[in-house]
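The values are calculated or read from the model by the stated rules, or taken from the named source; none is laboratory data. Everything quoted here is computed from the prediction, not taken from an experiment. Quick reminder, even Gly has a Cβ in these numbers, built from the backbone with ideal geometry, and neighbours come from all protein chains shown. These accessible areas exclude ligands, DNA and RNA; they are computed on the full protein's heavy atoms, side chains included. Shrake-Rupley method; radii C 1.70, N 1.55, O 1.52, S 1.80 Å.
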Amino acid sequence: MQRILDLIEGLPLFEGLSQGQLEGVASLVVDRKVERGQMVFCEGAPAEGFYVVAEGRIKVFRSGPDGREAIMHVLGPGEPFGEVAVFQGDRFPANAMAVTPSQVLFLPRRALVDRISRDPTLALNMLAALSRKLRQFTHKVEALTLQETPQRLAAYLLHASELAGGADTFTLDVTKGLLAGLLGTARETLSRCLSRMVERGAVSMDGRSVTILDRAFLEAMVEGTEQL
């Protein structure tokens, strides 16, 4: 129970709630283990609750008629998913699948909505969190539409560095295949871009370990003033 409480307390979705409010939300949680490759939910399924990643990695994606995947998010510990459809009382618009052995926390919609109706503070927190997520998704759509693959890759590497506390050396937390899907490109294209970045001296790589050697060049790529 304490572990669940600690995880919920760290979520922007429940930021600023009192200890009693957090304990009330934690009491609703159902703890689930998910094996690698197992679906958490499928597109079109009724959204009977939303999830938070406790351990592992979950990808949220849609499949095209040709079987190709469009990866919308790759989520790690502490990140919620499926919450928008839940509050619309709708069906899930995408699939969610574990890409590593994972543990997720399930918050059932009916119980959560009942608690929100008795505590409007919860609703205000969730509205703010959902607004932030919508802005992030809007930025991603803009990047996929307006930027070329090298620009998107440079932006991702800079963001990964920020998540590592600004460190120049960090480890990619997804495979190249997943990263390609996340950036909306083919794996071969991603590999060529990485190779060209290494040749240019912008980064070095050792397996999944990446070291940024020329941060200014990557930033200029994102701005569109430099090209590979």
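If you go through the range 163-174 and keep only what is in contact (Cβ under 8 Å) with a residue 24 or more places away in the chain and open to solvent by 60 Å² or more (accessible area, probe 1.4 Å), you end up with ASP168, THR169, THR171, ASP173.
Of the residues making up the range 1-34, those that are farther than 20 Å from ILE58 by Cα and in contact (Cβ under 8 Å) with a residue 60 or more places away in the chain number 8.
Check off (1) free of Cβ contacts under 8 Å to residues at least 24 places away in the same chain; (2) over 16 Å from LYS176 (Cβ atoms); (3) more than 24 Å from the chain's Cα centre (by Cα) for SER195 and give me the number that stays unchecked. In the conditions (1) free of Cβ contacts under 8 Å to residues at least 24 places away in the same chain; (2) over 16 Å from LYS176 (Cβ atoms); (3) more than 24 Å from the chain's Cα centre (by Cα), SER195 misses (2) alone.
Within the range 32-65, the only residue that satisfies the criterion of being charged (D, E, K, R), part of a strand (DSSP E or B) and in contact with a helix residue (DSSP H, G or I) (Cβ under 7 Å, 6 or more places away or on another chain) is LYS59. Could you check GLY165 against (1) within 27 Å of GLU55 (Cβ to Cβ); (2) modelled with pLDDT under 85 and say which number it fails? Checking GLY165 against (1) within 27 Å of GLU55 (Cβ to Cβ); (2) modelled with pLDDT under 85, the one that fails is (2). For the range 47-92, the set of residues classified as open to solvent by 70 Å² or more (accessible area, probe 1.4 Å), modelled with pLDDT of 85 or more and more than 16 Å from LEU13 (Cα to Cα) consists of GLU48, GLU55, ARG62, ARG91, listed by residue number.
Here the range 1-23 is the region considered, the condition is being touching a helix residue (DSSP H, G or I) at 6+ places or on another chain (Cβ under 6 Å) and either aromatic (Phe, Trp, Tyr) or modelled with pLDDT of 80 or more (or both), and the residue that is nearest to PRO120 (Cα to Cα) is PHE14. When the test is whether a residue is within 20 Å of the chain's Cα centre (by Cα), surrounded by fewer than 13 Cβ atoms within 10 Å (Cβ to Cβ) and of a type in the set (Lys, Arg), ARG32 does not pass it. Entry remark, the range 180-214: residues being open to solvent by less than 70 Å² (accessible area, probe 1.4 Å) and either at negative phi or at pLDDT 95 or above (or both) number 24 in total. When LEU22, LEU17 are checked against the criterion of being part of a helix (DSSP H, G or I) and on the phi < 0 side of the Ramachandran plot, LEU22 stands alone in meeting it.
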